[in-house]
Amino acid sequence: MSLKSPPSDDRTARWPAGSYRELLAVALPMVLSASTQSMMHVVDRVYLTWYSKESVAAALPAGILFWSCLSLPFGVISYLNAFVAQYEGAKKPDCVSASVWQGIYFAMFSGLLIMLPAIWSEQIFQAVGHAPAVWHQEATYFRWLCFGGLSALLPAALSCFFSGRGQTMVVLAVNASSVLVNAGLDWAMIFGRGPFPEMGIAGAAIATNLANVYAIVCYAILLTRESFRGPYQFGRHYRFEWRLMRDLFRFGGPSGVQMFLDVAGFTAFIMIIGWIGPNELAATNIAFNLNTLAFTPVIGVGIAVSTLVGQRIGEGRPELAAISTWKGFVFGGGIMLFCGIIYVLFPQILLIPYSLYAKDEDFEGTKQVVIVLLRFVALYSFFDAMAIIFGSAVRAAGDTVFSMFATCACAWGLLVIPTYLTWRWYEPSLFWSWIWCSVYVIVLGFLFLTRFLSGRWMTMSIIEPDLVSPEFPPSNLHSVESLPTNTVGASNSPETDTNPYRSP
């Protein structure tokens, strides 16, 4: 019995492939979803600014170090979106469900490992050399985030089942509601409201973990419903499948390493800035926090581009993938340009929530530093959109090794090492540090644009060539490095195929 096409609730099916309508149908929910996530971080930082200067200064170094630990498995798991999209385009719903299960298993294993660094949290931040009042808070925040590593990874795996198939409204609904849960718990746990004691920065981390648990419950309920209808049968494809896991590591591994090296570079950058003092560190924290208002919506556009590119590659129509990418860049670049204008013309308005209940007398000085830093953010934002959109496109096709090397070279060769050498041989300078940060983003944006224009990604695929949907002629598509034909969903001989993930 042949498997049927994906269910009729595919949100993009009613729009012409490669059109702006198709892009917006997938991208708008992801933009709103990513925006809600950025608002969650903004709310965290605003509350911590009201609580104490040390808390808001500690949140960024501890938070970004946690993401350094989380980034490698998170990058691997996030690449499930490309697998789901390409199998969806190839009309292989059984492989869609099996792929998500492999991501769940990997998330569970990685989440347990991420708890280990919590044991040495105080030693780690004491060695960094920040002020004692800051590093104690850093250690507390980092420890609680590590305890919630599993709760951070599982929603990423579960959401790919929906985002990779274009059902981005589901992701939006879950993320938006989890942000509301996080905001309410933040207020209660940081300041000690209702039944909760005052926990300060520890309360912020615990609230984030509980909001992630809420998201897991929501996705589990939705996936349970999916297992009883449609061709995906999520509840039937739970077996560990080594060949799918191998392919996830093969393509998602470089993506995870790329994310790790990128986040690790920014972690080192933030730690260097923390050597100046709490005021400069707090200013950098707030500037990056406001940057997320532009950055994360464009990440949502990047996820949409990744989904559409994956589906078009799975269908054997890479030329439509290129069209969707350019339209995604117009959309994402427009968001960055608009936000850049706001950063330059109206910084005082953006800083009102931070200063509203700030207790520190010297916050006015911190605010003036943030205003200057926001001009750097405005300078590099458009190029950040280039890196996000074109990078998402080439990675979705399978060009993850180039992405890994390009990001590593830029993060360490243009950000961390130049910043450190400037400090060592010239002087500790926040201004020069942010110049190097801008150079890093601009160069990375042009690298991904050049790679996209080369067209090499259009000849790649992360699934087997014989799985390309028969509805469309297979263009010039072939697999990366000639993928073996005995991977999941394919066999050398259909008559002897015993793979349960291949439909007869």
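The values are calculated or read from the model by the stated rules, or taken from the named source; none is laboratory data. Because the structure is predicted, anything quoted here is derived from the model rather than measured. With ideal geometry, Cβ positions are generated from the backbone for all residues, glycine too; neighbour counts draw on all protein chains shown.
Checking residue 198 against (1) surrounded by 15 or more Cβ atoms within 10 Å (Cβ to Cβ); (2) assigned to a loop (DSSP other than H, G, I, E, B), which test does it fail?
The number of the failed condition is (1).
Would it be correct to say that residue 308 is over 25 Å from residue 150 (Cα atoms), in contact with a helix residue (DSSP H, G or I) (Cβ under 8 Å, 6 or more places away or on another chain), of a type in the set (A, V, I, L, M) and surrounded by 24 or more Cβ atoms within 10 Å (Cβ to Cβ)? Full working, then the answer.
Numbers: over 25 Å from residue 150 (Cα atoms): yes; in contact with a helix residue (DSSP H, G or I) (Cβ under 8 Å, 6 or more places away or on another chain): yes; of a type in the set (A, V, I, L, M): yes; surrounded by 24 or more Cβ atoms within 10 Å (Cβ to Cβ): yes.
Considered against the rule, which asks whether it is over 25 Å from residue 150 (Cα atoms), in contact with a helix residue (DSSP H, G or I) (Cβ under 8 Å, 6 or more places away or on another chain), of a type in the set (A, V, I, L, M) and surrounded by 24 or more Cβ atoms within 10 Å (Cβ to Cβ), residue 308 comes out as yes.
Quick check: anything in the stretch 441-448 closer than 30 Å to residue 352 by Cα and either part of a loop (DSSP other than H, G, I, E, B) or not charged (D, E, K, R) (or both)?
Yes, because at least one residue in the stretch 441-448 is closer than 30 Å to residue 352 by Cα and either part of a loop (DSSP other than H, G, I, E, B) or not charged (D, E, K, R) (or both).
Checking residue 429 against (1) within 16 Å of residue 282 (Cβ to Cβ); (2) free of Cβ contacts under 8 Å to residues at least 12 places away in the same chain, only one condition comes out false. Which one?
(1)
Name every residue in the stretch 186-195 that is crowded, with 22+ Cβ neighbours inside 10 Å and either out of contact with any helix residue (DSSP H, G or I) (no Cβ under 8 Å at 6 or more places or on another chain) or not acidic (Asp, Glu) (or both), in order of residue number. I'd like the intermediate steps shown before the answer.
Step one: list which residues in the stretch 186-195 are crowded, with 22+ Cβ neighbours inside 10 Å, which gives 186, 189-190.
Listed by number, the residues that qualify are 189, 190.
For the stretch 236-251, state whether one or more residues are among the charged types (D, E, K, R), over 25 Å from the mean Cα position of the chain (by Cα) and crowded, with 18+ Cβ neighbours inside 10 Å.
Among the residues of the stretch 236-251, at least one is among the charged types (D, E, K, R), over 25 Å from the mean Cα position of the chain (by Cα) and crowded, with 18+ Cβ neighbours inside 10 Å, which makes the answer yes.
Among the numbered conditions (1) touching a helix residue (DSSP H, G or I) at 6+ places or on another chain (Cβ under 6 Å); (2) modelled with pLDDT under 90, tell me where residue 210 comes up short.
(2)
Go through (1) assigned to a helix (DSSP H, G or I); (2) surrounded by fewer than 17 Cβ atoms within 10 Å (Cβ to Cβ) for residue 428 and report which single condition fails.
(1)
Taking interchain pairs and intrachain pairs at least six residues apart, which have beta carbon atoms under 8 angstrom, with the first residue in the stretch 166-182 and in contact (Cβ under 8 Å) with a residue 12 or more places away in the chain and the second of a type in the set (Phe, Trp, Tyr)?
So the pair list comes out as 168/162; 170/162; 171/162; 174/219; 177/214; 178/214; 181/214.
Residues are listed down the side, and each one gets a yes or a no for (1) within 18 Å of residue 108 (Cβ to Cβ); (2) within 23 Å of the chain's Cα centre (by Cα); (3) of a type in the set (Lys, Arg):
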site	(1), (2), (3)
121	no, no, no
171	no, yes, no
174	no, yes, no
190	no, no, no
193	no, no, yes
223	yes, yes, no
233	no, no, no
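Considering only the stretch 11-23, how many residues are surrounded by 18 or more Cβ atoms within 10 Å (Cβ to Cβ) and modelled with pLDDT of 80 or more?
Kept after step one, since they are surrounded by 18 or more Cβ atoms within 10 Å (Cβ to Cβ), are these residues of the stretch 11-23: 12, 18, 22-23.
Narrowing further to those that are modelled with pLDDT of 80 or more: 22-23.
Residues meeting the conditions: 2.
Output the residues belonging to the stretch 420-439 that are polar (S, T, N, Q) and closer than 14 Å to residue 375 by Cα.
Those that are polar (S, T, N, Q) and closer than 14 Å to residue 375 by Cα: 433, 438.
Among what's in the stretch 79-109 and is touching a Pro at 6+ places or on another chain (Cβ under 8 Å) and either under 27 Å from residue 282 (Cα atoms) or surrounded by fewer than 23 Cβ atoms within 10 Å (Cβ to Cβ) (or both), pick the residue that is modelled with the highest pLDDT.
Step by step, filter the stretch 79-109, then rank; the result is 106.
How many of the residues in the stretch 42-63 are closer than 30 Å to residue 394 by Cα and surrounded by fewer than 21 Cβ atoms within 10 Å (Cβ to Cβ)?
0
Quick check, is residue 173 among the aliphatic types (A, V, I, L, M), under 25 Å from residue 28 (Cβ atoms), at pLDDT 90 or above and surrounded by fewer than 23 Cβ atoms within 10 Å (Cβ to Cβ)?
So residue 173 fits the description; yes.
Among the candidates 414, 444, 373, 467, single out the residue that is modelled with pLDDT under 85, buried (at least 18 other Cβ atoms within 10 Å of the Cβ) and either closer than 21 Å to residue 333 by Cα or aliphatic (A, V, I, L, M) (or both). Walk me through how you get there before you give the answer.
Working: 414 fails: modelled with pLDDT under 85; 444 fails: modelled with pLDDT under 85; 373 fails: modelled with pLDDT under 85.
Result: 467 is the single residue among 414, 444, 373, 467 that is modelled with pLDDT under 85, buried (at least 18 other Cβ atoms within 10 Å of the Cβ) and either closer than 21 Å to residue 333 by Cα or aliphatic (A, V, I, L, M) (or both).
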